[in-house]
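Have a look at the structure below, then the notes.
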Amino acid sequence: MASSSFCISLSGASYVVVTGASQGIGRAISVEISKQLGPNSLMLLLARNKQELAKTASLCESDDVKVVYESIDLSKATVKEMNDVLNNSIQGRKPSDFTNCIIFHNVGSLGNLSIETARMEDVEELRQYYDLNVFQVIALNTQFLKMFKEFEDRIIIVNITSLCAIKPMGGMAYYCSGKAAREMYFRVLAEEKKHIKVLNYSPGPVETAMIDFVLAEAVNDNLKDVFLSFKHQGTLLKPEITAKKCMRVLLSGRFGPGEHVDYFDDE
Ligand SMILES: NC(=O)c1ccc[n+]([C@@H]2O[C@H](COP(=O)([O-])OP(=O)(O)OC[C@H]3O[C@@H](n4cnc5c(N)ncnc54)[C@H](OP(=O)(O)O)[C@@H]3O)[C@@H](O)[C@H]2O)c1
């Protein structure tokens with residue numbers, strides 16, 4: 001991990017977007033960041049399941065933090081819909097009202113785990129996977145950058161990545177290649193925009209619906225064994241634990257531009 005070069009203070013009014021905020025790591029990140037925010041802060045939570053978003057919102061709301069949420073299918077949303085959802089969320093306030101403008105790109109899916117890598121040929125299915133996990137993430141990020149284009153030095157971007165972005169895992173070609181592409185996009189952005197803070201945070205193996213999906217769907221024996229042993233040995237992290245570490249890394253500023261920081265990295 002890079003040595004500290006800056007410290008982030010959230011004591012002013014912040015605007016925070018979290019994608020995939022209806023459960024799992026996204027919910028935990030929403031709760032943890034909400035505890036750090038100063039007066040007049042505003043959070044926008046995005047995912048499809050409105051009821052679960054409402055639950056996350058109720059966990060985040062306080063005298064200092066207003067929370068709005070919107071049910072949106074991020075795999076299909078148009079650029080205009082993304083734009084509208086961001087602009088509507090600030091409700092009469094101006095981008096200049098916020099001293100920090102933060103987005104957590106947490107949304108993610110695993111892709112088809114039931115096909116061997118050597119047999120992948122369904123390009124339409126791959127496209128749909130990349131739509132949600134890469135292309136639409138980039139498009140939403142661009143709308144966010146446009147919204148705060150005059151205040152780039154206030155922008156903080158956290159991409160929730162994975163060890164799978166930098167280390168191949170048999171049976172997860174959709175996931176590994178998508179995470180690698182997504183992480184590299186954020187690294188290139190960090191390279192170009194030196195005054196925007198960009199963190200690629202890898203949360204470690206976390207007890208969420210994603211793990212159950214691997215156990216139910218994976219055809220690769222090694223992949224299944226790895227996740228079964230995580231589960232049986234009790235080594236899966238609770239979402240709150242990794243979300244707290246993400247906040248510590250972020251607020252301490254101990255990361256280089258676009259750096260991949262893992263839960264298990266030393267602090
Ligand atoms: N769990 C792990 O061990 C682990 C490890 C490394 C990295 N990660 C990464 O951490 C992030 C969160 O994972 P998680 O384990 O918390 O997964 P999860 O429990 O499956 O949560 C995924 C989130 O994404 C949302 N989502 C999925 N498809 C969507 C769509 N089409 N439109 C809008 N929202 C959508 C889901 O909400 P709705 O269903 O309500 O839309 C949900 O809130 C992912 O990027 C994942 O790759 C997880």
Quiz prompt | Test for T208: is it in contact with a Leu (Cβ under 9 Å, 6 or more places away or on another chain) and in contact (Cβ under 8 Å) with a residue 12 or more places away in the chain | solution = yes
Practice problem: For the range 141-161, state whether one or more residues are more than 11 Å from the ligand (Cβ to nearest atom), touching a Cys at 6+ places or on another chain (Cβ under 7 Å) and in a helix (DSSP H, G or I). | Solution: yes
Quiz prompt | Hits in the range 100-115 - residues which are of a type in the set (S, T, N, Q), within 16 Å of the ligand (Cβ to nearest atom) and in contact with a Ser or Thr (Cβ under 7 Å, 6 or more places away or on another chain) | solution = N106
Quiz prompt | Enumeration of residues in the range 202-235 that are of a type in the set (A, V, I, L, M, F, W, C) and closer than 16 Å to T161 by Cα | solution = V206, M210, I211
Quiz item: Which ones in the range 118-154 are among the small types (G, A, S), open to solvent by less than 90 Å² (accessible area, probe 1.4 Å) and more than 21 Å from the chain's Cα centre (by Cα)?
Solution: none
Practice problem: Might you check whether a residue that is within 10 Å of the ligand (Cβ to nearest atom) and over 19 Å from the mean Cα position of the chain (by Cα) occurs anywhere in the range 174-189? | Solution: no
Quiz item: Does any residue of the range 217-232 turn out to be touching a His at 6+ places or on another chain (Cβ under 9 Å) and open to solvent by 60 Å² or more (accessible area, probe 1.4 Å)?
Solution: no
Exercise. Would you point out the residue of the range 216-261, among those that are touching a helix residue (DSSP H, G or I) at 6+ places or on another chain (Cβ under 6 Å) and free of Cβ contacts under 8 Å to residues at least 60 places away in the same chain, that is farthest from the ligand (Cβ to nearest atom)?
Key: F227
Practice problem: Might you check whether a residue that is open to solvent by less than 10 Å² (accessible area, probe 1.4 Å), within 13 Å of the ligand (Cβ to nearest atom) and under 19 Å from M247 (Cα atoms) occurs anywhere in the range 49-56? | Solution: yes
Quiz prompt | G171 vs. criteria away from the ligand (no atom under 13 Å from the Cβ), farther than 25 Å from F144 by Cα and in contact (Cβ under 8 Å) with a residue 12 or more places away in the chain | solution = yes
Practice problem: Filter the range 9-47 down to the residues that are more than 15 Å from the chain's Cα centre (by Cα) and open to solvent by 20 Å² or more (accessible area, probe 1.4 Å), then identify the one that is farthest from E267 (Cα to Cα). | Solution: N40
Quiz item: Taking helices (runs of 4 or more DSSP H) that fall entirely within the range 1-111, which contain at least 2 residues that are without any contact (Cβ under 8 Å) to a residue 24 or more places away in the chain?
Solution: 50-60, 79-89
Quiz item: Can you spot a residue in the range 107-117 that is of a type in the set (A, V, I, L, M, F, W, C) and crowded, with 21+ Cβ neighbours inside 10 Å?
Solution: yes
Quiz prompt | Residue satisfying condition, being more than 10 Å from the ligand (Cβ to nearest atom), surrounded by fewer than 17 Cβ atoms within 10 Å (Cβ to Cβ) and among the acidic types (D, E), within set D97, D73 | solution = D97
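The values are calculated or read from the model by the stated rules, or taken from the named source; none is laboratory data. This is a predicted model, so every value here is computed, not measured. Counting neighbours? That spans all protein chains shown, and the Cβs are built from the backbone with ideal geometry, glycine included. Note: areas computed on protein heavy atoms with side chains; ligands, DNA, RNA excluded. Shrake-Rupley method; radii C 1.70, N 1.55, O 1.52, S 1.80 Å.
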